[in-house]
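Asker: Once you've had a glance at the structure underneath, I'll fire off some questions.
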Amino acid sequence: GGGTAGWMTASYLGKALQDTVEITVLEAPTIPRIGVGEATVPNLQRSFFDYLGIPEEEWMRECNASFKMAVRFINWRTEGRGEPNPRTLPGDGPDHFYHPFGLLPDHDQTPLSHYWFQRKHQGETTEPFDYACFREPPLMDAMKAPRHTDGTAATRYAWHFDAHLVADFLRRFATEKQGVRHVQDEMVRVEQDERGYVTALHTKGGQALDADLFIDCSG
């Protein structure tokens, strides 16, 4: 399997095992990749791209990536059909809720949600929970980036990217810089030993690919 799963796996192993093994990706050119856009989680850069030595600025440009600070839930508290814009809550503003990636802030080890709930219960505020307790909602409403101009992070964030472009970017990285072999063919048969373990993959083009370890990234 290719796609983001296949090429992320290949490039990660290529870094971890550096020249001690041969890595092959078998990708069927006749089978389209799954997905167009994908969403990620905040540790992607630290746990994956930093490990490969790829700066955020490089892969984001190559993959049409954008920042993601939260998940926005729209119209979960009002009746009606699915709509892209928030409906109006009775006396309480628009029907949407931001779920940021950051941990819930606290004051003197007491979560801000406790203060917000008390003030809300006593009628001292009408501010929504997400706006009262997190700094991300106003940033997103103002269409601001989660980074300062010098590149340092202003808040936790993740990314959206084009899955096809990420797969192509990592394919080039793995094949050109790590020596990963790319076989474009379609698997037609799996060869197994007496214990049921996979020993080889046979392709439509007549190749037999044997290995010590097989990783299924076919989706």
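Asker: Of all residues being among the small types (Gly, Ala, Ser) and surrounded by 16 or more Cβ atoms within 10 Å (Cβ to Cβ) in the range 13-55, which is farthest from residue 156 (Cα to Cα)? Just the residue, please.
Answerer: By that ranking, first place goes to 28.
Asker: Filter the range 69-101 down to the residues that are hydrophobic (A, V, I, L, M, F, W, C) and at pLDDT 90 or above and list them by number.
Answerer: Answer for the range 69-101, where residues must be hydrophobic (A, V, I, L, M, F, W, C) and at pLDDT 90 or above: 69, 70, 71, 73, 74, 76, 97.
Asker: Another question about this same structure. Report, by residue number, each residue of the range 42-71 that is free of Cβ contacts under 8 Å to residues at least 60 places away in the same chain and part of a strand (DSSP E or B).
Answerer: 71
Asker: For the range 97-156, what are the residues that are of a type in the set (S, T, N, Q) and over 20 Å from residue 40 (Cβ atoms)?
Answerer: The answer is 109, 110, 113, 118, 122, 125, 126, 149.
Asker: Tell me, which residue of the range 74-99 that is under 25 Å from the mean Cα position of the chain (by Cα) and assigned to a strand (DSSP E or B) is surrounded by the most Cβ atoms within 10 Å (Cβ to Cβ)?
Answerer: 98
Asker: Kindly check whether there is at least one residue in the range 129-137 that is loosely packed, with under 13 Cβ neighbours inside 10 Å, touching a residue at least 12 places away in the same chain (Cβ under 8 Å), not assigned by TED's automatic domain parsing to the domain that holds residue 22 and not in a helix (DSSP H, G or I).
Answerer: Scanning the range 129-137 turns up no residue that is loosely packed, with under 13 Cβ neighbours inside 10 Å, touching a residue at least 12 places away in the same chain (Cβ under 8 Å), not assigned by TED's automatic domain parsing to the domain that holds residue 22 and not in a helix (DSSP H, G or I).
Asker: Return the residue satisfying two criteria in turn: it lies in the range 138-155 and is part of a loop (DSSP other than H, G, I, E, B) and among the hydrophobic types (A, V, I, L, M, F, W, C), and of such residues it is farthest from residue 119 (Cα to Cα).
Answerer: Among those residues, the one meeting the criterion is 145.
Asker: Does any residue in the range 156-169 that is in the same structural domain as residue 39 (by TED's automatic domain parsing) come within less than 7 Å, Cβ to Cβ, of a residue that is of a type in the set (Val, Ile, Thr) and assigned to a helix (DSSP H, G or I) six or more places away or on a different chain, and which pairs are these?
Answerer: 163/4; 166/4; 167/4
Asker: Among residues belonging to the range 207-219 that are within 19 Å of residue 32 (Cβ to Cβ) and small (Gly, Ala, Ser), point out the one that is surrounded by the fewest Cβ atoms within 10 Å (Cβ to Cβ).
Answerer: If we take residues in the range 207-219 being within 19 Å of residue 32 (Cβ to Cβ) and small (Gly, Ala, Ser), then 219 is surrounded by the fewest Cβ atoms within 10 Å (Cβ to Cβ).
Asker: Could you please find all residues in the range 3-12 being at pLDDT below 95 and surrounded by fewer than 19 Cβ atoms within 10 Å (Cβ to Cβ)?
Answerer: 5
Asker: Could you please find all residues in the range 22-52 being of a type outside the set (Asp, Glu) and touching a helix residue (DSSP H, G or I) at 6+ places or on another chain (Cβ under 8 Å)?
Answerer: 23, 25, 33, 34, 35, 36, 37, 45, 48, 49, 51, 52
Asker: Still on this structure: Just to verify a result, which residue in the range 161-206, among those that are assigned to a loop (DSSP other than H, G, I, E, B) and touching a strand residue (DSSP E or B) at 6+ places or on another chain (Cβ under 7 Å), is surrounded by the fewest Cβ atoms within 10 Å (Cβ to Cβ)?
Answerer: The residue in question is 193.
The values are calculated or read from the model by the stated rules, or taken from the named source; none is laboratory data. Treat the numbers as computed from the prediction; the structure is a model and nothing was measured. Note that we place each Cβ from the backbone using ideal geometry, even for glycine, and neighbour counts take in every protein chain shown.
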